Amino acid sequence: MLSTKDHVISKLIKADGYISGQALSDELGISRAAVNTAVKALKEQGYDITSVTNKGYKLLNMPDILSYGQIMSYLPKSRMEKITVLEETDSTNRVLKELAFDGAPEGTVVISDCQTKGRGRLGRSFLSPAGTGIYFSYLMRPEIDPAVISTVTCWSAVAVSDSISSVCGITPSIKWVNDILINDMKVTGILTEMSVEPEIGAVSNVIIGIGINVNESPSDFPPELRDIASSIRYESGRQDPINRSELAARLILEMDKIASGFPTDQDRYLKAYRDHCSTTGLDVSVVSAHNHTSETPRLGKAVCINDDFSLKVLFEDGHTEDLSSGEVSVRRR
Ligand code: BTN
């Protein structure tokens with residue numbers, strides 16, 4: 001539910017300087033007293049807002065809060081209609097799936113500050129603590145053969161990479177098929193889930209779930225993940241937190257480009273994916289998606305990304321395979 005506070009903070013961020021209490025009250029259609037109350041509540045949340053007689057309010061500093069109000073300051077007002085921002089939920093993919101079944105349109109987004117049952121690939125869980133990451137789900141309704149669903153995931157990996165580059169000033173790489181890495185450490189995972197209409201076998205909706213580790217410190221990860229997972233802030237050597245709301249807003253715009261460009265923009269996304277993919281040329285070990293816990297890994301070399309985003313692997317016995325799913329680990333020497 002959109003609050004007066006959300007509107008006021010969005011205006012203060014956009015103003016980029018002083019804005020008078022009267023202007024806020026006129027533009028938002030609320031009383032001066034309501035403006036004062038909202039400013040007071042924002043200050044209590046950690047926003048540093050100064051007020052000067054005859055000039056009005058100015059935002060000096062803001063805490064890193066993933067909020068509807070902050071996200072709104074980076075997007076056109078009309079785009080906010082299909083966005084839900086939650087403080088906590090079990091899984092944004094689950095929430096969005098419910099909205100999709102109720103008929104939510106393409107472009108509907110659910111974002112949460114934390115998840116209690118974040119879902120990962122291959123039935124794993126996804127660590128989703130409060131205050132540091134972005135847990136984000138985007139609804140698409142593409143006309144697509146269920147067999148090529150991984151294309152959407154690969155396009156999304158490009159969207160995530162582009163968003164991080166433009167907001168955080170560091171360009172991540174993509175580990176096939178859908179992990180986003182900085183310095184070889186995983187900073188983002190993507191879980192795409194689709195629903196198919198059983199009678200006709202057509203895709204009715206696709207939910208792209210994206211979990212981004214933004215501001216975590218190594219100690220925020222359990223010991224067993226510390227060698228493989230990290231955050232954008234830590235890997236880019238920044239002291240200050242990255243503004244999660246700005247990154248979430250950028251991601252919404254990049255995902256919108258995917259939704260509107262699908263499937264015609266295939267060449268652009270394929271090229272970008274190949275440019276960013278760090279798996280090709282490396283020694284890899286491969287296990288299939290359905291047997292990943294019990295199977296003995298097969299060793300080979302990742303050769304290239306095919307036109308359908310499958311990964312061509314040359315195995316040690318000399319035969320090649322085009323993998324469209326599965327778990328690929330890079331073997332470091
Ligand atoms: C993976 O790397 O295993 C994929 C992780 C995907 C996590 C995201 S967080 C937002 C969305 N909601 C979920 O429950 N999972 C995805």
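Annotations
- For residue 229, the residues whose modelled amide H falls within less than 5 Å of its own, excluding neighbours fewer than 5 places apart on the same chain, are 186.
- Degrees separating the helix 92-101 axis from the principal Cα axis of the chain, which is the longest one: 90
- Ordering of 38-49, 68-79, 217-228 by packing [mean C-beta count within 10 Å, highest first]: 68-79, 38-49, 217-228
- Global geometry of region 283-330, whether rounded, prolate or oblate, following the gyration tensor of its Cα atoms and the 1.5 cut on a/c: oblate
- Vicinal HN-Hα couplings computed from phi for region 276-288 (Karplus, 6.51 cos²θ - 1.76 cosθ + 1.60; Hz; Gly/Pro x): 8, 6, 9, 7, 5, x, 9, 6, 10, 10, 10, 10, 6
- Compared with the dominant principal axis of the Cα atoms in the chain, helix 32-44 is inclined by about 50°.
- When each of 55/77; 58/271; 40/257 is checked by Cα-Cα distance, pairs over 32 Å: 58/271; 40/257
- Take the Cα radius of gyration of region 68-276 and divide it by 2.2 N^0.38 Å, N being the number of residues; the result is 0.96.
- Computed [θ] at 222 nm, helices only, for the chain once each DSSP H run of length n ≥ 4 contributes -39500 (n - 2.57): -9000 deg cm²/dmol
- Candidates 60, 251, 191: whichever shows maximal mean-square fluctuation once the chain is modelled as a Gaussian network with Cα springs under 10 Å: 60
- Cβ-based exposure ranking for 277, 304, in which fewest neighbours within 10 Å come first: 304, 277
- Rounded to 10°, Cα long-axis angle of helix 150-168 versus longest principal axis of the chain: 40
- For residue 196, distant residues with modelled amide H under 5 Å away: 204
- Measuring nothing but how far apart in sequence close Cα pairs (under 8 Å, 6+ apart) lie, relative to its length, the chain scores a relative contact order of 13 percent.
Read the figures in this text as sums done on the coordinates, not as results from a lab. Keep in mind it's a predicted model, so treat the numbers as computed, not measured. Glycine also receives a Cβ, built like all others from the backbone with ideal geometry; neighbour counts cover every protein chain displayed.
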